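Trainee: Please find one structure pasted underneath; my questions will follow.
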Amino acid sequence: MSLPELREGLTAPNMKAKAKRHGVIFDLDGVLVDSSSFHFEAWKRLAAEEGFPVRVTESWFKSTFGQRNDTILATLAGRPLSPEEITRLSERKEKLFRKLAAAGLRPLPGAAELVKGLHRAGVLLAVGTSAPRENLKFVLEKTGLGPYFTCVVTAEDVTKGKPDPEVFLKAARCLGLPPSSCVVFEDAEAGVEAARRAGMRCVGVATTHSPKRLLRAGADLVVRSLAELNLQKLLRWLKTT
C-alpha cells in the first residue's frame, strides 16, 4: 500500500486484537490542538513585560516550534539566563498561555476522532511533547482526550529537546514497545527529525510548516489535517512495521 492511500475519510473498525503491539506517539501543539496563536501572544506579552531586545514576530515564533522553553528563552533574552531566571520566565509564559487559551482551545480537525479510533482498535497511545507538564494536563482536560493515552512525556521528563530523540524513545519505553513499532505524528521539523533519529516512522501534519519542509526533514507521509486519514488504511500501515 502506498503512503498517499492513507488519506481519505476516517472510519472506525474494530481491529483491537491485531493492533495491540503497535503504538502512536502524538506531539501536542499543532497536532492535537491549534494552540499556536495563544503561544504567540504569550511570548509577545512576556517579551514586553521583560523588555527583551528580540522582537517576537511570526517568523521568529515559527523558528522555535518543537524547542524547549530554556532554548527559546535564551534566544528571546539575547543573553545567557540563570536556571532560576529560566524557571521564573517559563512559568510566567505558560501561565499567560493557559489564561489566553482557557476559553478558545479546541482539538484540531480529525484529532479527537483519530485518537478515539486508534484507542478502540487497541493501538497504544502516548504524547511526546516539548511542552511543560502543566500545559499538557491543561490541554488534555480541556479536550477530554486524557483517558485515551497510556503515557505522556513532557519537557520535565527529558534532558534534551527535539531534534534529540529522547522524548520519543522514552515514550516508546513507557508503552513497552520497540521504536520500530511506533509511529510519530509531528508538525515541526525538529520533531520530524527527532522521530527519524529515534528509528520511528513519522506522519507530518502541515499545520505550522509546509509539506515540502516536513518531507525534507524526513517525514514518511504529510497530511494537511488529521481528518484526511483513513483509519483502516492507517492501521494496516502500522502493521507493516
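Where a number appears in this text, it was derived from the coordinates with a stated rule and is not lab data. Predicted, not measured: the structure shown is a model, and the values here were computed from it. Note that we place each Cβ from the backbone using ideal geometry, even for glycine, and neighbour counts take in every protein chain shown.
Trainee: May I ask you to list the trypsin sites (Lys or Arg not before Pro) in the stretch 154-211 that are in a DSSP loop and have at most 14 other Cβ atoms within 10 Å of their Cβ?
Mentor: K160
Trainee: Would you pull out the residues with amide H under 5 Å of V184's amide H, same chain only if 5 or more places away, H placed 1.01 Å from N?
Mentor: Those qualifying (amide H under 5 Å, at least 5 residues apart or on another chain) are I25, R201, C202, V203.
Trainee: Can you tell me the length gained on complete extension of the stretch R92 to T75, counting 0.36 nm per residue apart and subtracting the Cα distance?
Mentor: Extending this stretch completely gives an extra 4.5 nm.
Trainee: Same structure, new question: If you line up the long axis of helix 111-120 against the longest principal axis of the chain, both from Cα atoms, how many degrees apart are they, to the nearest 10?
Mentor: Once rounded, one gets 40 degrees.
Trainee: Classify the stretch 189-231 from the C-alpha gyration tensor, please: rounded if a/c falls under 1.5, else prolate or oblate depending on whether a/b exceeds b/c.
Mentor: On the way: a/c = 2.33, a/b = 1.35, b/c = 1.72.
Because a/c hits 1.5 or more and a/b fails to exceed b/c, the stretch 189-231 counts as oblate.
Trainee: Sticking with this one: Which of rounded, prolate or oblate describes the chain when judged by the alpha-carbon gyration tensor and an a/c cut-off of 1.5?
Mentor: Since a/c reaches 1.5 and a/b is larger than b/c, the shape of the chain is classed as prolate.
Trainee: Students often forget the sequence filter, so: which aspartates and glutamates lie under 16 Å Cα-Cα from K162 once same-chain residues fewer than 8 apart are removed?
Mentor: The reachable aspartates and glutamates, counting only those whose Cα sits under 16 Å from K162, are D27, D29, D70, E186, D187, E189, E193.
Trainee: Which whole-number percentage describes the relative contact order of the chain, with Cα contacts under 8 Å and a sequence gap of 6 or more?
Mentor: 30 percent
Trainee: Determine which lysines satisfy two conditions relative to K212: a Cα distance under 17 Å, and not lying fewer than 8 residues away in the same chain.
Mentor: Hits, sequence-local ones excluded: K62.
Trainee: Would you mind checking the stretch 98-132 for residues with the amide N under 17 Å from a putative spin-label position 7 Å along Cα→C-beta of S225?
Mentor: 106-115, by backbone N distance to the label point.
Trainee: Using modelled amide H (1.01 Å from N, peptide plane; none on Pro or chain starts), what sits under 5 Å from the amide H of L229, excluding residues fewer than 5 places away?
Mentor: Here the answer is E8, since their amide H atoms fall under 5 Å of that of L229.
Trainee: Give the relative contact order (percent, whole number) for the stretch 99-241; include only Cα pairs under 8 Å separated by 6+ residues.
Mentor: On the way: 225 pairs, mean separation 29.0, N = 143.
Relative contact order, the stretch 99-241: 20 percent.
Trainee: Just to confirm my numbers, what's the Cα centroid distance between the stretch 153-197 and the stretch 71-130 in Å?
Mentor: Each part reduced to its Cα centre gives a spacing of 15 Å.
Trainee: Classify the stretch 150-241: rounded, prolate or oblate, from the alpha-carbon gyration tensor (a ≥ b ≥ c, eigenvalue square roots; a/c under 1.5 rounded; otherwise prolate if a/b is larger than b/c)?
Mentor: Oblate.
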